Amino acid sequence: MKRISMTTEELKNLETALIDYGNVVTFDQLIDLFNEDRAYLRKRISRLVNDGWLKRVKNGTYVLSDLSTRGRLSISHIAIVNLLVDKAYISFENSLQYHGLYDQMLNSINAISLKQYKNTTIDGITYNFIRTQEKYFYGWSMYDIDGQIVKIAGVEKALIDLLQFHRSRYSTDLVLEKLITYQNDLNHQVLIELAQQSNLTTQRILGFLLDYAGLDSSQLERVSSEGRSISSISTSNKNLYNKKWKLYYDSYFLKYSDG
């Protein structure tokens, strides 16, 4: 994107905004700094957005770009999530990455929210929001990131969310890998307690995975006898059945079996 130099006045006002308000500013705050007619200021802000000096997060809210690099966000991408949606928390691979359990590059940020929102792309990063019910909106803590309060799931809740909302061979395998690799770092009791608040299928899948990881699944065994329903991991190859957990699963997971 071609960026045009700011006027001395614009640079001074944006520097003042950074000092007075931090990296995130509102339209009304910019009005106070620029002291201009609202209609005229809208045009000026639109130009600053187009030139990369401001990033529009949502209507009336902007993130200041790094004034030294001209166009790069001045705050972490994950710090934007709760500016977009207050009642949402970051989960899945993004949460695992924040807590140091996932090192692959991610070009999207996935969060769980209480309402459905359209996907939003800011500075090349896509923000996805997955709707859930109030009863599943738990297991997160608040963190101060670049001056913004951000809700992020704990590691254990991120693993539960992967099973409950992304029920696929990939997500199930990812959870099993983390259970095996980080079994001494995970809080097993917290994992069980969070799972007990999730739905029946998620509890069954976690019990199944705990068995494969050689971890204690006894606190979840009661779900194996609840109801007559049969659960499954969503794959195209559900050719194996685990009687204990009433669960169809992919033969792919046999690679974790001793036998």
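Residue under question is LYS157, and the condition is that it be touching a residue at least 40 places away in the same chain (Cβ under 8 Å) and crowded, with 17+ Cβ neighbours inside 10 Å; does it hold?
The answer is yes for LYS157.
Just the residues that are at pLDDT 95 or above, surrounded by fewer than 15 Cβ atoms within 10 Å (Cβ to Cβ) and of a type outside the set (D, E, K, R), please, taken from the stretch 109-137.
GLN133
How about the stretch 7-22: which of its residues are under 30 Å from TYR117 (Cβ atoms) and either in a helix (DSSP H, G or I) or modelled with pLDDT of 85 or more (or both)?
Scanning the stretch 7-22 gives LEU14, ALA17, LEU18, ASP20, TYR21.
The values are calculated or read from the model by the stated rules, or taken from the named source; none is laboratory data. Because the structure is a prediction, the values reported are computed rather than measured. Don't worry about glycine lacking a Cβ; one is built from the backbone with ideal geometry, like all the others, and counts go over all protein chains shown.
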